[in-house]
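**Q** Provided herewith is a single structure, encoded as structure tokens, for subsequent inquiry.
Please treat every number below as a calculation from the coordinates, not as lab data. Owing to the predicted nature of the structure, the values given are computational and were not obtained by experimental measurement.
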Amino acid sequence: MNYFELFDIPVQLAIDKKSIPKKYFELSRLYHPDLYANAAEDEKALMLEKTTLLNKAFKTFQQSGETIKYVLELKGLLVNDEKYQLPASFLMEVMELNEALADSGTSAEILNRIDQLESEIYEPVKEIVEGYQEGITSKKELLQVKEYYFKKKYLDRIKHQLNGMA
């Protein structure tokens, strides 16, 4: 059972984060291991497994990047620890941001540039992410989302460095 099946929602790249907590708490009450204290061992194990899956799904659905990653993994388009080759032009931009960070550029300037880059890299995939439909969205479109995902990870790392400096 995948996360979407567990939550009884269609596979999607952009999750409605407002509806997920309600469903999470509903399922938590249904599968909570304490409710099965007197059940057979195999049923206890199943509920514990579902609770674990539920917690992982909830955590994944709370972060758009993790949701995208999960869908790409479901589709067999992303593997753990994959070394993805990004375009040289993007890597040069990241290198410039890292240099600005090392040269003690102001955080505000760097954050503004990161925000601008995030908008630039999201724009080409916005319709794909927000309008994803199982069986209709093509592999080619999902590969575009994959590139976006890896670019966003680079930018998130720099943001994380900046937050650590603050």
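**Q** Using only the alpha-carbon atoms, how far is helix 41-61 inclined from the longest principal axis of the chain? Give it as 0 to 90 degrees, nearest 10.
**A** Tilt of helix 41-61: around 30 degrees.
**Q** Compute the relative contact order of the stretch 3-62 as a whole-number percentage, counting only Cα pairs closer than 8 Å that sit 6 or more residues apart in sequence. Kindly include the intermediate steps, with their values, before the conclusion.
**A** On the way: 34 pairs, mean separation 25.1, N = 60.
This gives 42 percent for the stretch 3-62.
**Q** Counting each pair of different Cα atoms once, what's the Kirkwood radius of the chain in Å, rounded to one decimal?
**A** About 18.2 Å, per the Kirkwood formula over Cα pairs.
**Q** Here is a follow-up. Using Cα atoms only, what is the angle between the long axis of helix 88-102 and the major principal axis of the chain, expressed in degrees (0 to 90) to the nearest 10?
**A** Roughly 80 degrees, rounded to the nearest 10.
**Q** Could you list, bin by bin from short to long, the percent of Cα-Cα pairs of the stretch 3-62 in 5 Å steps?
**A** Spelled out bin by bin, the stretch 3-62 gives 4, 19, 29, 21, 14, 8, 4, 1 percent.
**Q** Compute the separation of the alpha-carbon centres of the stretch 1-63 and the stretch 69-137 and state it in Å as a whole number.
**A** One Cα centre to the other: 29 Å.
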